[in-house]
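Taking it in order: structure first as structure tokens, then the write-up.
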Amino acid sequence: MSMDVTAIWATASERLRRINETCYAQFVCRLVPLCCTDNELTLGVPDDFFGEFVKAQFGDLILQSLAGIDGVDYAYTFEAGHEAVVVPEPPKAVEKVKPRVGDPAGSSASGARPRMNSSYEHTFSNFVVGEENRIAFMAAKAAAEKPGVLYNPLFLYGTNGIGKTHLLQAVASFIRTESPGVRIRSTTCDELVNDFYDLLTQHKNLADFRSAMRDVDVLLIDDIHRLAKRTQLQEEFFNVFNVLIHQQKQIIMTSDRQPCEIADIDKRLTTRFESGMVCELCMPELDARLAMLRMWRNEALTKTKLNDGLLDFLAQNISSSVRRLKGAFLRLTTYSSLSGSEITVERAEELLHAQIEQEIAERNISLELIQRTVASHFGISIADLLGEKRNKNIAEPRMVAMYLCRELTKCSSNEIGAAFGKNHATILYAEKKVPQLCDKDDSMRRAVAQIKHQLSRA
């Protein structure tokens, strides 16, 4: 008979601890053994980012530690959404915590969830507030303090990796601590989609789905823009939304764009998303990025710390995403810990060469560069591209330029509209129309591909 998952992982983690104490203290002790099926362990991780990082940096070591246990070479996979209780010494058994009211159903067989480690938990206290995200932070904090009273619904939007999910989880953490009796459902839109269509394919009644959505005091949904094109689910969510708002239950959603920019979604939903508070989050400025790095340095469980010069190097060179910034920080911290020596700026440049190159490439693609490149490709002037002429040989290149500005930059439709002297609705039309033109016209498809390639080499 094979060993249970707790015993398997206890053996493997002890092997990892002997191989590398620092690796164990930083990462391994945060992995939660969940189950073992067909000789494959499912290990819980706080989020997908953490899991991807651990797999990339220590995947081979984990497989090595799982080899030959009870005569079996075990494989493993990660499942996001699980936080381990971190204690100074490796526990002899998995520590249990009491179920908390309001945790999403199905988080574990007993309903209990391992409590987050304070240094990794996304809370309001470890969210660095700058001018670019102050309003969103204040709105989320107010909604957490008085759910359903202020800013309902609350809609947070911005590009990937800038802190939307952090704020969403901070709301859940605050309410669970301050008001443990409040029922919370925190989920992603993709999870809702999967749950919904699983029920449909099994020809089951949707009553359970509706009940799970409605029987809450606070509903938190990440990436709500993923509802696009899900017509039947949109109808269900529309009804749930109305019920919760009528009952003064708090709804908070995140998206990579503002409500009016989400294509292929019921206009009734768009107007309801806009009926409360809509806040944009932008990438933190240099001072805020430095503050984040210093905070992460203080929390890092390593003997070697990155010096101020390296933090300044990271803040100066990684400016597109908090997630990418943290990944770069973790890579340097891990390398420093494993090598036992401080890293120079020159060595950091070598280790982060790919990330820095990507940053440079993204910065170089400006709205003006796209406009010039499109105008040159189609043989028209910038004045015509930005003008009011509507003949086909000018209108189509203009739409292509708008479309590429939306796809290749992080500018909002309002910012792009201002650059073309148009409103955001015109930009959204171009964003939808150009792919349709490419599907019907091979010459247009080739033109768009050529312009993209040219811009990538600029």
Output for region 429-458, where each listed residue is under 13 Å from E407 (Cβ atoms), aliphatic (A, V, I, L, M) and surrounded by 14 or more Cβ atoms within 10 Å (Cβ to Cβ) = A430, V434, V448, I451, L455
Which condition does V101 not pass, out of (1) modelled with pLDDT of 65 or more; (2) out of contact with any strand residue (DSSP E or B) (no Cβ under 8 Å at 6 or more places or on another chain); (3) open to solvent by 60 Å² or more (accessible area, probe 1.4 Å), if it passes all the others?
-> (1)
Matching residues in region 153-174 - criterion: being open to solvent by 40 Å² or more (accessible area, probe 1.4 Å) and under 15 Å from V218 (Cα atoms) = Q169, F174
Contact list, first residue from region 266-289 and within 20 Å of T159 (Cα to Cα) and in contact (Cβ under 8 Å) with a residue 60 or more places away in the chain, second anywhere and in a helix (DSSP H, G or I) and open to solvent by 50 Å² or more (accessible area, probe 1.4 Å), beta-carbon distance below 7 Å, six or more apart or interchain, is C279/I135
Among the numbered criteria (1) more than 24 Å from A449 (Cβ to Cβ); (2) open to solvent by 30 Å² or more (accessible area, probe 1.4 Å), which single criterion is violated by R372?
-> (1)
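Would you mention how many residues in region 258-283 are open to solvent by 20 Å² or more (accessible area, probe 1.4 Å) and either modelled with pLDDT under 85 or under 19 Å from T231 (Cβ atoms) (or both)?
10
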Can you pull out the residues in region 176-207 that are closer than 26 Å to G148 by Cα, open to solvent by 70 Å² or more (accessible area, probe 1.4 Å) and assigned to a helix (DSSP H, G or I)?
-> T177, E178, E191
Could you grab me the full set of residues in region 118-134 that are modelled with pLDDT of 85 or more, buried (at least 16 other Cβ atoms within 10 Å of the Cβ) and either more than 12 Å from Q169 (Cα to Cα) or of a type in the set (A, V, I, L, M) (or both)?
-> V128, V129, N133
Cross-chain or 6+ apart pairs with Cβ under 9 Å, region 53-69 first and in contact (Cβ under 8 Å) with a residue 24 or more places away in the chain, then assigned to a loop (DSSP other than H, G, I, E, B) and buried (at least 21 other Cβ atoms within 10 Å of the Cβ) = F53/F27; V54/F27; V54/L31; Q57/F27; F58/F27; I62/L31; L66/Y74
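For residues that are assigned to a helix (DSSP H, G or I) and closer than 15 Å to R331 by Cα, scanning just region 7-30, find the one that is nearest to the chain's Cα centre (by Cα).
Residue satisfying both the conditions and the ranking: Q26.
Filter region 122-152 for residues that are in a loop (DSSP other than H, G, I, E, B) and within 20 Å of I221 (Cβ to Cβ) and give the result.
Start the filter on region 122-152 by keeping residues that are in a loop (DSSP other than H, G, I, E, B), which leaves 122-133, 146-152.
Of everything in region 122-152, those that are in a loop (DSSP other than H, G, I, E, B) and within 20 Å of I221 (Cβ to Cβ) turn out to be H122, T123, F124, F127, N133, K146, P147, G148, V149, L150, Y151, N152.
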Pairs with Cβ under 8 Å, 6+ apart, first in region 406-432 and without any contact (Cβ under 8 Å) to a residue 12 or more places away in the chain, second of a type in the set (V, I, T) and not in a loop (DSSP other than H, G, I, E, B) = G417/T426; G417/I427
Residue ID - farthest from the chain's Cα centre (by Cα), chosen from residues in region 31-66 that are in a helix (DSSP H, G or I) and surrounded by fewer than 16 Cβ atoms within 10 Å (Cβ to Cβ) = Q64
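On the given criteria, is A315 out of contact with any helix residue (DSSP H, G or I) (no Cβ under 6 Å at 6 or more places or on another chain), open to solvent by less than 20 Å² (accessible area, probe 1.4 Å) and closer than 30 Å to S366 by Cα? Talk me through it step by step, then tell me what you get.
Details: out of contact with any helix residue (DSSP H, G or I) (no Cβ under 6 Å at 6 or more places or on another chain): no; open to solvent by less than 20 Å² (accessible area, probe 1.4 Å): yes; closer than 30 Å to S366 by Cα: yes.
Considered against the rule, which asks whether it is out of contact with any helix residue (DSSP H, G or I) (no Cβ under 6 Å at 6 or more places or on another chain), open to solvent by less than 20 Å² (accessible area, probe 1.4 Å) and closer than 30 Å to S366 by Cα, A315 comes out as no.
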Cβ pairs under 6 Å, 6+ apart, first in region 153-168 and in a helix (DSSP H, G or I), second open to solvent by less than 10 Å² (accessible area, probe 1.4 Å) and of a type in the set (A, V, I, L, M) | K164/L156; K164/L281; L167/A140; L168/L220
Please determine, by comparing only the residues of region 389-405 that are under 33 Å from the mean Cα position of the chain (by Cα) and in contact (Cβ under 8 Å) with a residue 40 or more places away in the chain, which one is most open to solvent (accessible area, probe 1.4 Å).
-> Y403
Matching residues in region 255-291 - criterion: being of a type in the set (S, T, Y) and assigned to a loop (DSSP other than H, G, I, E, B) = S275
Which helices (runs of 4 or more DSSP H) does region 325-420 wholly contain that include 2 or more residues that are among the β-branched types (V, I, T)?
-> 353-364, 367-378, 392-408
When region 284-302 is checked residue by residue, the ones that are modelled with pLDDT under 85 and either in contact with a Gly (Cβ under 8 Å, 6 or more places away or on another chain) or closer than 27 Å to Q250 by Cβ (or both) are P284, E285
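Could you please let me know if V243 is open to solvent by less than 40 Å² (accessible area, probe 1.4 Å), β-branched (V, I, T) and over 28 Å from S412 (Cβ atoms)?
Working: open to solvent by less than 40 Å² (accessible area, probe 1.4 Å): no; β-branched (V, I, T): yes; over 28 Å from S412 (Cβ atoms): yes.
When the stated conditions are applied, V243 does not pass them.
The values are calculated or read from the model by the stated rules, or taken from the named source; none is laboratory data. Owing to the predicted nature of the structure, the values given are computational and were not obtained by experimental measurement. When we count neighbours, we look across all protein chains shown, and the Cβ atoms used for this are built from the backbone with ideal geometry, even at glycine. Side chains are part of the model used for accessible areas, which takes the heavy atoms of the whole protein and leaves out ligands, DNA and RNA. Shrake-Rupley method; radii C 1.70, N 1.55, O 1.52, S 1.80 Å.
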